[in-house]
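Take a look at the structure below.
Quick note: the coordinates plus some simple rules give every number you see, no bench work behind them. Remember, it's a predicted structure, so these values are computed and weren't measured experimentally. Because the Cβ atoms are built from the backbone with ideal geometry, glycine has one as well, and the counts that use them run over all protein chains shown.
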Amino acid sequence: MKKVILYIHGKGGSYLEAEQYKENCIGFDMIGIDFNEYLPWIVQNQIQSAYDEAHERYDYIYVKKEKSLRSLGKLYRGNIYALSEKTL
């Protein structure tokens, strides 16, 4: 079974931050979602696109979001809920 963690960085962060979790997440691939925009409809599309791509390659998908996303919390909760509704 192939497992992946999608990492969503906080405002001003970088998708490269996902690297810091690799050593603690043995057995998982780690994908940092790269985005520079913070407009909800743009970020939503980028997260959805990353999820859809992972869905084609992995059996299990987990999402790790940075705590600093509180200001965008509703957006991310909505995206994560929508993703969790998909059938794998």
- Item | Amide H within-cut-off set for Gly10, under 5 Å, with H built and near neighbours excluded | Glu66
- Message: If I model a spin label at Gln44 and Met1 as a point 7 Å from the Cα along the Cα→Cβ vector, what separation in nanometres do I get?
- Response: 3.1
